[in-house]
Amino acid sequence: MKIDKDRPSTWRPYDSNFCTQCRANCCSMPVEVRASDLIRLNLISIDEVSNSIKKSAKKLKKLGFISSYRDGTDFFMLTQRPNGDCYFLDTRSRLCTVYDQRPDTCRDFPAKLGTRVGFCPGERK
Ligand code: SF4
């Protein structure tokens, strides 16, 4: 069956060894992050977030790092490129350019979270 990232029933059982050969389909899915992730990515400071999370969101949106902020949940949506790729994905290598500082969502998917935990939309490069 062909893998379709939008259809979790087509996903394969997750195997972390596969990640180096994968074309990073998971990095072309929407990624919700928290302020702590954005601080770790050095996109915003602790002081700015402490002063006003809404102003921080406005700044991050203006800079193009996030596409939206959901008031009340404190979740920010990372910006996706027109083809769906994450802003931080290298389009040629299909590798994350901020891997060591990547958000918790990226660290936990798909072993601990996702629409089909334990399965991923991985395909070879
Ligand atoms: S931050 Fe890195 S690991 Fe997370 S979706 Fe973007 S490119 Fe992928």
For the stretch 113-121, does any single residue satisfy the condition of being more than 16 Å from the chain's Cα centre (by Cα), surrounded by 13 or more Cβ atoms within 10 Å (Cβ to Cβ) and over 29 Å from S9 (Cβ atoms)?
no
Give the residues of the stretch 104-121 that are away from the ligand (no atom under 13 Å from the Cβ) and in contact with a strand residue (DSSP E or B) (Cβ under 8 Å, 6 or more places away or on another chain), sorted by residue number.
G118, F119
State yes or no: is F18 aromatic (F, W, Y), more than 26 Å from R124 (Cα to Cα) and either within 16 Å of the ligand (Cβ to nearest atom) or free of Cβ contacts under 8 Å to residues at least 24 places away in the same chain (or both)?
no
Taking the condition of being part of a loop (DSSP other than H, G, I, E, B) and hydrophobic (A, V, I, L, M, F, W, C), how many residues in the stretch 32-46 meet it?
3
Could you tell me how many of the residues in the stretch 59-68 are of a type outside the set (A, V, I, L, M, F, W, C), touching a strand residue (DSSP E or B) at 6+ places or on another chain (Cβ under 8 Å) and part of a helix (DSSP H, G or I)?
1
Of the conditions (1) of a type outside the set (A, V, I, L, M); (2) within 16 Å of the ligand (Cβ to nearest atom); (3) in contact with a Phe, Trp or Tyr (Cβ under 6 Å, 6 or more places away or on another chain), S36 satisfies every one except a single condition; which number is it?
(3)
If A57 satisfies every condition in (1) within 14 Å of the ligand (Cβ to nearest atom); (2) hydrophobic (A, V, I, L, M, F, W, C); (3) over 16 Å from the mean Cα position of the chain (by Cα) but one, which is the exception?
(1)
Only one of Q101, Q80 that is farther than 30 Å from M1 by Cβ, within 11 Å of the ligand (Cβ to nearest atom) and not charged (D, E, K, R)
Q101
Tell me which of these D74 doesn't satisfy, since it passes every other one: (1) more than 10 Å from the chain's Cα centre (by Cα); (2) without any contact (Cβ under 8 Å) to a residue 24 or more places away in the chain.
(2)
Quick check, is T91 of a type in the set (V, I, T), more than 10 Å from the ligand (Cβ to nearest atom) and in contact (Cβ under 8 Å) with a residue 60 or more places away in the chain?
no
Show the residue pairs meeting these rules: Cβ distance below 7 Å; 6+ apart or different chains; first residue within the stretch 50-67 and at negative phi; second residue acidic (D, E) and assigned to a helix (DSSP H, G or I).
S56/E48
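We did not get these values from a lab; they are worked out from the coordinates using the rules stated. On a predicted model such as this, the values are computed, not experimentally measured, just so you know. No Cβ is skipped: glycine too gets one built from the backbone with ideal geometry, and neighbour counts run over all protein chains shown.
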